[in-house]
Amino acid sequence: MQFPRGPVTNALVAINLVIAAILLVPAWWQYAVISGGLFPIRLSESSAAFSDVGFLVPAFLTPLSAAFLHGGIAHVVMNMLMLLLIGKMVERVLGGGLYLALYIGSAYIAATFECLASFIALPMSVDMMVPAIGASGAISGVIGVYVLLFPNKKPVSWGPIPAGYARPLHLTLAWAVLNLAIGFVGPSLGISIAIWSHIGGFIAGLLLARPMLLWRYRRA
């Protein structure tokens, strides 16, 4: 199988790998995570708890900066392989500009889901001080668009629900169940997964796919 050209995908992968290589120095990685990680508490309160850190990425930019930080080589390699496998296909359909907008928009919506989950479930917990990092929320948005663009079988209706609405609903439920299951098993394996970021990013992709396609081919 020959993959299409994907300059934006290639650039995103290269940037993530370069950052991961630079942050192999443990002290640099720790500083980068504190400075640019997605801390729910920073989006709900002041940054007084971070006053001794030095430089801090503005809180409203941390959903994006956190998407370029990873928890190690295995984390970044897994995410970048997934992005390479599906990103170029989506980029070919949407075009580079819309594809980048999808990636950034999904990162922000994924961060919103992750923070809302923290605010609702653990508003006073120390987990509000635990950062979420990684590109998986943004990549989940790309996956959401991919599964709509390239279905493995013809969409079917669910009773009175038309196929056009039933398929996104089915995909959302399946993705949520998968990630909740991983989130349940992960801690026993020593793996911490931001499941609500994955779910939020995926929903973002499903919601953005149609308007982006209409914008892309508005003159066709």
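Residues that are assigned to a helix (DSSP H, G or I) and not small (Gly, Ala, Ser) within the range 136-155 comprise Ile139, Val142, Ile143, Val145, Tyr146, Val147, Leu148, Leu149, listed in sequence order. Is there any pair with a first residue in the range 10-29 that is at pLDDT 95 or above and part of a helix (DSSP H, G or I) and a second that is of a type in the set (Lys, Arg) and surrounded by 11 or more Cβ atoms within 10 Å (Cβ to Cβ) whose Cβ atoms are under 8 Å apart and which are 6 or more apart or on different chains, and what are they? Partner pairs satisfying both residue conditions: none exist.
Any chance you could count how many residues in the range 133-161 are loosely packed, with under 12 Cβ neighbours inside 10 Å and either under 23 Å from the mean Cα position of the chain (by Cα) or on the phi < 0 side of the Ramachandran plot (or both)?
7
Within the range 66-88, being assigned to a helix (DSSP H, G or I) and either surrounded by 18 or more Cβ atoms within 10 Å (Cβ to Cβ) or acidic (Asp, Glu) (or both) holds for Ala66, Ala67, Phe68, Val76, Asn79, Met80, Leu83, Ile86, Gly87, Lys88.
Suppose the filter is surrounded by fewer than 21 Cβ atoms within 10 Å (Cβ to Cβ) and touching a residue at least 60 places away in the same chain (Cβ under 8 Å); does Gly96 pass it?
yes
The values are calculated or read from the model by the stated rules, or taken from the named source; none is laboratory data. Since the model is a prediction, treat every value here as computed from it, not as a measurement. All Cβ positions, glycine included, derive from the backbone under ideal geometry; neighbour counts span all protein chains shown.
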